1. Which ones in the stretch 89-104 are crowded, with 16+ Cβ neighbours inside 10 Å and in contact with a strand residue (DSSP E or B) (Cβ under 8 Å, 6 or more places away or on another chain)?
2. All but one of (1) surrounded by 12 or more Cβ atoms within 10 Å (Cβ to Cβ); (2) more than 38 Å from the chain's Cα centre (by Cα); (3) modelled with pLDDT of 95 or more hold for residue 35; which doesn't?
3. Is it true that some residue in the stretch 110-123 is in contact (Cβ under 8 Å) with a residue 40 or more places away in the chain and either closer than 30 Å to residue 70 by Cα or surrounded by 11 or more Cβ atoms within 10 Å (Cβ to Cβ) (or both)?
4. Go through the stretch 79-92 and report how many residues are under 13 Å from residue 113 (Cα atoms) and aliphatic (A, V, I, L, M).
5. Determine whether residue 28 is on the phi < 0 side of the Ramachandran plot, surrounded by 11 or more Cβ atoms within 10 Å (Cβ to Cβ) and in a loop (DSSP other than H, G, I, E, B).
6. What pairs can you find where one residue is in the stretch 84-101 and free of Cβ contacts under 8 Å to residues at least 60 places away in the same chain, the other is among the charged types (D, E, K, R) and surrounded by 13 or more Cβ atoms within 10 Å (Cβ to Cβ), and their Cβ atoms are less than 6 Å apart, with a gap of 6+ or different chains?
7. Please go through the stretch 93-109 and give me each residue that is within 23 Å of the chain's Cα centre (by Cα) and not hydrophobic (A, V, I, L, M, F, W, C), ordered by number.
Amino acid sequence: MTKFIRQDAHQFKRISRTGWRKPKGWHSKMRNVFAGHRKMVNTGFMSPVAGRGLIDGLTNVVVHNVKELLELNSKIHCITLGSSVGLRKKAQIIEEAKKKALKIINLKNPDEFIKKKLEKKAENKKKKESREEKKKKEEAKKAEAKKAEKPKDAQTKPADKTEKAEKAESPDEKTAKDAQKAEMEKVLTKRD
């Protein structure tokens with residue numbers, strides 16, 4: 001297989017010999033494919049058909065549940081956990097993969113990964129419970145405060161009633177006001 005080295009990698013230490021970048025210079029001999037200069041990456045330089053798409057000689061399979069693992073063979077396949085799979089199913093898939101000795105590509109250390117996730121989940125659960133307890137305590141305090149305020153309200157209500165009774169007009173005042181209203185209506189409704 002051909003090794004493609006970057007343009008001017010032999011001249012400068014800072015240019016990587018392993019990473020490929022296409023030459024873009026206007027006067028680049030490599031870009032213009034002049035004789036005696038390095039080869040560029042082109043469609044003709046493909047990897048062998050037998051090894052194409054393999055990871056360490058194994059076919060990669062994306063797994064979303066335990067049923068998909070049943071058909072796989074550890075000598076032929078390696079697995080990648082699907083991105084949409086939740087923690088509970090990931091744990092089940094990892095356990096089953098261990099039993100079958102399947103290699104998991106997107107996890108370096110599956111046991112440690114699951115351990116950390118489960119610890120984090122337990123911490124979040126404790127935090128949530130403590131928040132709920134705080135809310136309950138606050139609600140209880142508010143309820144107690146309302147109960148304490150109710151007798152005060154009961155004492156003030158009769159006083160309000162007495163004030164309203166004082167404000168109530170005597171019958172003579174009512175008849176005088178009614179007479180004034182009637183006169184005003186007569187004046188407003190009269191038309192010459």
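The values are calculated or read from the model by the stated rules, or taken from the named source; none is laboratory data. As the structure is a computational prediction, the values presented were derived from the model and not from experiment. With ideal geometry, Cβ positions are generated from the backbone for all residues, glycine too; neighbour counts draw on all protein chains shown.
1. The answer is 90, 93, 94, 97, 102, 104.
2. Failed condition: (1).
3. no
4. 3
5. Here the answer is yes, as residue 28 does meet what is asked.
6. 87/117
7. Of everything in the stretch 93-109, just one residue is within 23 Å of the chain's Cα centre (by Cα) and not hydrophobic (A, V, I, L, M, F, W, C), namely 106.
Condition check ((1) basic (Lys, Arg); (2) in contact with a helix residue (DSSP H, G or I) (Cβ under 7 Å, 6 or more places away or on another chain); (3) not in a loop (DSSP other than H, G, I, E, B)) across all residues:
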position	(1), (2), (3)
91	no, yes, yes
97	no, yes, yes
107	no, yes, no
115	yes, no, yes
125	yes, no, yes
129	no, no, yes
